[in-house]
Structures are given as C-alpha cells and as structure tokens.
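Quick notes on the structure that follows.
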Amino acid sequence: MHSAVLLIEFGSIILGLGLLGRFAGRFRLSPIPLYLLAGLAFGEGGLLPFGASEEFVATGAEIGVILLLLMLGLEYTASDLVSNLKTHYPSGLVDCALNALPGAAVALLLGWGPVAAVVLAGVTWISSSGVIAKVLGDLGRVGNRETPVILSVLVLEDLAMAVYLPIVTALVAGVGLMAGSVTLAIALGAAGLVLFLAVRYGRVISRFVSSDDPEKLLLVVLGLTILVAGVAQQLQVSAAVGAFLVGIALSGEVAEGAHTLLSPLRDLFAAVFFVFFGLHTDPSSIPPVLLPALGLAVVTALTKIATGYWAARRAGISVKGRWRAGGALVARGEFSIVIAGLAVSAGIEPSLGPLATAYVLILVVLGPLTARYTEPVATWWGRRREPSRPEPAPRATETEAPVAD
C-alpha cells in the first residue's frame with residue numbers, strides 16, 4: 001500500500017511539474033517560481049501535504065543539485081576559467097562586495113548570527129546562470145558585445161562557489177576552526193588539482209570517459225559524478241563542488257555529448273529540488289519575512305545593475321550596453337536556493353528558508369523584466385534630465401536680399 005501511495009504522489013508531482021513548465025514556457029517565463037509555489041502548496045502547512053514520497057523526493061532533490069553543478073562545469077573548460085580569472089577578477093570582487101554585503105547585513109540586523117549572515121550573503125550574491133542564459137536567448141542578445149562581460153561575471157561567481165560552498169558546509173555543520181580550515185584546504189587543493197589535470201591532461205581524461213554509445217557515455221559520466229560527489233560529501237567538502245569539478249575536467253566532444261544526454265535529467269531532478277525546498281517551507285512563515293525580502297530584493301537588484309554597468313564600462317562597452325549588462329544580472333534562482341537549502345537542512349535559522357524563498361520568487365520574476373527594460377528606462381531618464389537647448393536662429397544665406405530699414 002505504501003508503495004502504491006508513493007508512486008501516486010511522485011507521479012502527481014512529476015505530472016504537475018510538467019504542466020507548470022508548459023504554462024511558464026507559453027509566457028516565456030522561468031518555471032522556477034512555479035515549482036517553488038507547488039512545493040509550498042503541497043508541503044508543511046500547504047493545501048494538500050504529501051508524506052509518503054518525501055524521502056524519495058529528498059534523494060531526487062540531492063541528485064538535482066549534483067546535476068545542476070555538473071552541467072555548470074561542463075559549460076566551461078579549465079583554460080576558459082583560468083583566462084576569465086586573470087582578466088576579469090576585479091569585476092568579480094566588485095560583484096562580491098556590492099551583492100554579498102547587503103545579505104550579510106540584513107541577517108545581522110535581524111539577529112540571526114554570523115553563520116546565517118554568511119549563508120544569506122551567498123543567497124544575494126550569486127545570480128542565476130540558467131535564468132540569465134534563457135533570457136539572453138529569448139531577447140536575441142547572445143551575440144551582443146556586452147554578453148561576454150555578463151558571462152565572465154557568471155563564470156567568476158561559479159568559480160567562487162568552489163571556495164564558498166565548503167566554507168558554508170563547514171559552518172552549518174558546526175565544526176571547529178581547525179576542522180573548517182582543513183575542509184577549505186581540501187576543497188582548494190582538489191579544485192587546483194582538477195584545474196591542473198584538466199589543463200594538462202584534459203584530452204586523456206575525456207578519451208577515457210568517451211564512448212560512441214550514448215548509453216555507455218551517460219552511465220559512465222553520471223556514475224563518475226555521483227561517486228565523486230559522494231566522496232566529496234564524505235570529506236565534508238560538498239557534493240555540489242565535487243560535481244562541478246567533474247564537469248570542468250571533461251571537455252570537447254565528451255562534454256558536448258554528456259551535456260546533451262544529461263540535460264533532460266538535469267531539468268527533471270532540478271525541478272524536484274525546487275519542489276523539495278518548497279515542501280520544507282511553511283507558507284505561513286513567509287508573510288513575516290516578506291517585507292525584509294522585498295527590501296533586500298530591491299537593494300540587490302540595484303547593486304547587480306551597478307555591477308554589470310561597472311564591469312561593462314571597464315570592458316569598453318557603450319552606455320546602452322552597460323545598462324543591458326546590469327539589467328541581465330539581476331535574476332537569482334537555483335544556486336540561491338541551493339545555498340539556503342544547506343542552512344535549512346542544518347536547522348540554522350527557521351526564518352532563513354522562507355526569506356530565501358520569497359527573495360528568489362521576487363527576483364526570478366523581476367530579472368527578465370530588468371533585462372528587457374533597464375536600458376530603455378535609463379535612456380529615457382537620461383534624455384529627460386538633459387537640459388533643453390534652444391534651437392539656433394537660422395542664418396541668412398548669401399542669396400537672401402538684405403531687409404530694408
């Protein structure tokens with residue numbers, strides 16, 4: 001009987017997610033807010049709480065996080081990451097300062113303590129690569145001059161995750177300073193080793209994994225990723241970081257083939273992850289934190305616009321391109337929820353999950369709008385502020401006869 005209920009509940013979840021995704025696609029919206037709302041509706045304190053499939057959904061959610069980071073790593077080669085780090089690191093530092101500090105400040109003002117402050121700083125810092133990539137494609141801006149600047153900022157944020165996630169994992173686990181330092185050293189050493197091996201022996205690694213049979217390629221890449229993620233989790237580094245490093249190590253045709261094969265699985269389990277996060281958030285806990293979430297969303301939307309503008313200006317992009325770059329970076333999404341999920345699972349602060357949910361819901365809806373309208377609004381505002389210049393009086397031409405007194 002329990003097995004039948006589990007199948008019914010999980011089947012209902014998957015079917016519901018598919019219908020929500022189709023609805024969002026019809027209006028060219030990100031489905032993430034709808035997935036979160038679905039989790040709120042069927043979770044603790046929701047309309048129809050699910051119970052039997054919760055453990056199964058939790059496992060699926062964990063796989064979703066692993067696949068999200070694996071696919072992110074497959075987007076970049078090790079040489080690309082090193083090149084971006086050398087060229088655009090000032091933009092990454094500005095991005096961190098402008099967008100992480102507001103989150104940390106709000107957590108401290110609310111009295112949540114330093115651990116929650118570090119977590120909320122990450123929630124407000126990291127933009128949603130998935131939402132931004134989709135918006136750029138929908139707006140036809142993939143070939144724009146400012147797009148490489150946007151991607152560079154996103155790459156630097158992804159690189160920072162390899163350092164940030166082990167720190168957060170150690171903090172929420174409550175380990176001591178020495179154990180936390182060891183965890184961070186292991187993570188940095190692993191990241192450095194993977195980057196070195198990927199740059200020097202990337203072709204050898206890819207040749208080892210490569211297969212002409214899609215089934216074998218899928219099984220090897222997926223099995224290797226979950227294995228490395230499990231080892232990383234055992235070392236208290238973070239399963240997500242392990243998956244990200246596997247993605248970086250693969251390159252060329254193997255990365256392209258794995259990306260094609262794993263994309264549907266990534267979308268399925270990532271959707272399950274967002275539902276799982278919503279399932280563990282009581283809807284009644286959101287209204288008390290809605291005002292701080294709204295204020296934080298407005299502030300960090302402005303700081304992201306400032307980040308993109310500064311980074312594009314540094315790259316020599318025109319004024320209109322600077323505004324477009326800033327507006328495109330506003331959306332938060334999957335990784336903000338991943339970071340908040342670490343703290344929620346550890347029971348750090350009960351209000352952190354609801355605030356992160358409300359914050360992401362606001363910005364994942366606002367992000368596509370700022371990407372589309374920031375540049376036109378800034379241009380209109382700039383023209384409005386320009387003082388009106390009187391038109392010069394027409395000068396008499398040589399053929400005109402002099403006017404008699």
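The values are calculated or read from the model by the stated rules, or taken from the named source; none is laboratory data. All values derive from a computational prediction rather than experimental measurement. FYI the Cβ positions are ideal-geometry reconstructions off the backbone, even for glycines, and counts take in every protein chain you see. What goes into the accessible areas is simple: the full protein's heavy atoms, side chains included, and nothing from ligands, DNA or RNA. Shrake-Rupley method; radii C 1.70, N 1.55, O 1.52, S 1.80 Å.
Here are some notes:
- Cut-off of 10 Å, at most 12 other beta carbons, DSSP loop: longest stretch of the chain lacking such GluC sites (Glu not before Pro): 1-397
- Degrees separating the helix 147-173 axis from the principal Cα axis of the chain, which is the longest one: 40
- A straight Cα-to-Cα reach below 25 Å connects LYS86 with the lysines LYS304, residues fewer than 8 places away in its own chain not being considered.
- In order through segment 378-385: 3J(HN,Hα) via Karplus (6.51 cos²θ - 1.76 cosθ + 1.60), integer Hz, x for Gly, Pro: 5, 5, 4, 5, x, 5, 5, 7
- Against the set (1) 32; (2) 23; (3) 38, the structure's computed percent of Cα pairs over 34 Å apart falls on (1).
- Under DSSP loop assignment and at most 15 Cβ neighbours within 10 Å, longest trypsin sites (Lys or Arg not before Pro)-free interval of the chain: 146-394
- Note on the chain: with neighbouring protein chains present and a 1.4 Å probe, carbon and sulfur make up 66 percent of its accessible heavy-atom surface.
- Using alpha-carbon coordinates, inclination of helix 114-125 to the longest axis of the chain, degrees: 50
- 3J(HN,Hα) from dihedral phi, segment 322-334, Karplus parametrisation 6.51/-1.76/1.60, rounded to Hz, x for glycine, proline: 5, 5, 5, 4, x, x, 6, 8, 5, 4, 10, x, 4
- Computed with a 1.4 Å probe over protein heavy atoms only, the accessible area of LEU151 comes to about 80 Å².
- Whole-number accessible area per residue in Å² for the chain, which is evaluated in the context of all protein chains at 1.4 Å: 50
- The value of relative contact order for the chain, using C-alpha pairs under 8 Å at least six residues apart, is 28 percent.
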